[in-house]
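Peer 1: Sharing a structure below in structure tokens format, with a few things to ask.
The values are calculated or read from the model by the stated rules, or taken from the named source; none is laboratory data. Small disclaimer: the values here were computed from a predicted structure and weren't measured. As a convention, Cβ positions derive from the backbone with ideal geometry for all residues, glycine included, and neighbour counts pool all protein chains shown. These area figures cover heavy atoms from the full protein model, side chains too; ligands, DNA and RNA do not enter into them. Shrake-Rupley method; radii C 1.70, N 1.55, O 1.52, S 1.80 Å.
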Amino acid sequence: MNATRHWSGCIALLGALTLPGCAWLSPPPAPSGAVQALPASWAVAGRLGVKAAGKGSYANFDWKRQGGVDTFDITTPLGQTVARLSRDASGVRLTARGETHQADSAEQLTQSLLGWALPLDNLPYWLAGLPAPGQASAPSVDGFEQQGWRIELADFQDTPFGRRPGRVQLSRPDLELRFAMHQWH
């Protein structure tokens, strides 16, 4: 009988030690409050950091979507617009230093003019903390992966559109984009 109680005690101890380990390996709980899809019209403002080819730069951004038109302004800390990326049914345009350039996609245009690609098609979803619909994604400990990008979400906050991450980092081997959202409206 003593041997049976000894083994029962060992099995119970082993179970007690194993269960917390399993809990530690499970994904973190979702932030309180549901993350909701974005409405047809919205705006978000914040700070953007870009690290490409070993160089880093920072700017403010103000992005508006209204009536199927995107306007993404990149501004200095004093609010002066340095560049405007706009997209509508006719294509994508980037205006900077008095010159306007046009292309079929934002990724193509920003890659050719800025040296790095802005994933404008999926970005509204990613900044909202959601995988883009209709495309495969894989969850990760702090976000998800989609279309070759690792999307890390942090500092969830209440907005007029539900819970949204306050910080989003997009990364792939050659590029890192960091967004800090100050205001959703």
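Peer 1: Where residues in the range 97-136 are over 23 Å from M181 (Cα atoms) and of a type in the set (G, A, S), which of them is farthest from the chain's Cα centre (by Cα)? First the steps, then the outcome.
Peer 2: Taking the range 97-136 first, the residues over 23 Å from M181 (Cα atoms) are 97-105, 108-109, 111-113, 115, 134-136.
Now narrow it down to the ones that are of a type in the set (G, A, S): 98, 103, 105, 112, 115, 134, 136.
Details: G98: 30, A103: 24, S105: 19, S112: 23, G115: 20, G134: 17, A136: 16 Å.
Residue satisfying both the conditions and the ranking: G98.
Peer 1: Continuing with the same structure: Looking at A180, A128, A136 in this structure, which one is farther than 21 Å from L94 by Cα and without any contact (Cβ under 8 Å) to a residue 24 or more places away in the chain? Lay out the reasoning, then the answer.
Peer 2: Numbers: A180 fails: without any contact (Cβ under 8 Å) to a residue 24 or more places away in the chain; A128 fails: without any contact (Cβ under 8 Å) to a residue 24 or more places away in the chain.
Within the list A180, A128, A136, the selection yields A136.
Peer 1: Continuing with the same structure: Applying the selection to the range 31-52, what residues are farther than 14 Å from W184 by Cβ, modelled with pLDDT under 90 and either open to solvent by 60 Å² or more (accessible area, probe 1.4 Å) or of a type in the set (V, I, T) (or both)?
Peer 2: Residues satisfying the conditions are S32, A34, A40.
Peer 1: In addition: Restricting attention to the range 53-68, which residues are open to solvent by less than 40 Å² (accessible area, probe 1.4 Å) and either within 20 Å of S105 (Cβ to Cβ) or among the β-branched types (V, I, T) (or both)?
Peer 2: Residues satisfying the conditions are F61, W63.
Peer 1: Looking only at the range 157-171, filter to residues that are in contact with a Lys or Arg (Cβ under 9 Å, 6 or more places away or on another chain) and modelled with pLDDT under 95; which one of those is least open to solvent (accessible area, probe 1.4 Å)? Let's see the steps before the verdict.
Peer 2: Pass one, the range 157-171, residues in contact with a Lys or Arg (Cβ under 9 Å, 6 or more places away or on another chain): 157-158, 167-171.
Checking the rest, the ones that are also modelled with pLDDT under 95 come to 157-158.
Numbers: Q157: 57, D158: 122 Å².
Once the filter is applied, the top-ranked residue is Q157.
Peer 1: Could you say whether any residue in the range 141-154 is touching a residue at least 60 places away in the same chain (Cβ under 8 Å), open to solvent by 60 Å² or more (accessible area, probe 1.4 Å) and within 20 Å of F72 (Cα to Cα)?
Peer 2: no
Peer 1: Same structure, new question: Would you check if R93 is closer than 23 Å to K51 by Cβ and modelled with pLDDT of 90 or more?
Peer 2: Answer is no for this residue.
Peer 1: Find the residue count for the range 81-103, including only residues that are farther than 19 Å from D62 by Cβ and in a loop (DSSP other than H, G, I, E, B).
Peer 2: Narrowing the range 81-103 to residues farther than 19 Å from D62 by Cβ: 89-91, 98-99, 101-103.
Then drop every residue that is not in a loop (DSSP other than H, G, I, E, B), which leaves 89-90, 98.
Of the residues in the range 81-103, 3 are farther than 19 Å from D62 by Cβ and in a loop (DSSP other than H, G, I, E, B).
Peer 1: For the range 9-24, indicate whether the set of residues that are open to solvent by less than 100 Å² (accessible area, probe 1.4 Å), β-branched (V, I, T) and at pLDDT 90 or above is non-empty. If you could, list the steps in order and put the result at the bottom.
Peer 2: Initially, the range 9-24 is screened for residues open to solvent by less than 100 Å² (accessible area, probe 1.4 Å), giving 9-10, 12, 15-16, 18, 20-23.
With the extra rule that they be β-branched (V, I, T), the set shrinks to 18.
Now restrict to residues that are at pLDDT 90 or above: none.
Among the residues of the range 9-24, not one is open to solvent by less than 100 Å² (accessible area, probe 1.4 Å), β-branched (V, I, T) and at pLDDT 90 or above, which makes the answer no.
Peer 1: With respect to the numbered conditions (1) surrounded by fewer than 17 Cβ atoms within 10 Å (Cβ to Cβ); (2) touching a Leu at 6+ places or on another chain (Cβ under 6 Å); (3) hydrophobic (A, V, I, L, M, F, W, C), which one is the sole condition not fulfilled by A89?
Peer 2: (2)
Residues checked against (1) within 19 Å of V168 (Cα to Cα); (2) charged (D, E, K, R):
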| position | (1), (2) |
| --- | --- |
| A53 | no, no |
| K64 | yes, yes |
| L85 | no, no |
| D88 | no, yes |
| G91 | no, no |
| T100 | no, no |
| W116 | yes, no |
| P124 | yes, no |
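Peer 1: In the range 104-132, what count of residues is obtained for those that are under 15 Å from R87 (Cα atoms), open to solvent by less than 30 Å² (accessible area, probe 1.4 Å) and not in a loop (DSSP other than H, G, I, E, B)?
Peer 2: Counting residues in the range 104-132 that are under 15 Å from R87 (Cα atoms), open to solvent by less than 30 Å² (accessible area, probe 1.4 Å) and not in a loop (DSSP other than H, G, I, E, B) gives 5.
Peer 1: Output the number of residues of the range 69-80 satisfying the condition of being open to solvent by 60 Å² or more (accessible area, probe 1.4 Å) and within 19 Å of W184 (Cα to Cα). If you could, list the steps in order and put the result at the bottom.
Peer 2: To start, the set of residues in the range 69-80 that are open to solvent by 60 Å² or more (accessible area, probe 1.4 Å) comprises 77-78, 80.
Checking which are within 19 Å of W184 (Cα to Cα) leaves us with 77.
Selection size over the range 69-80: 1.
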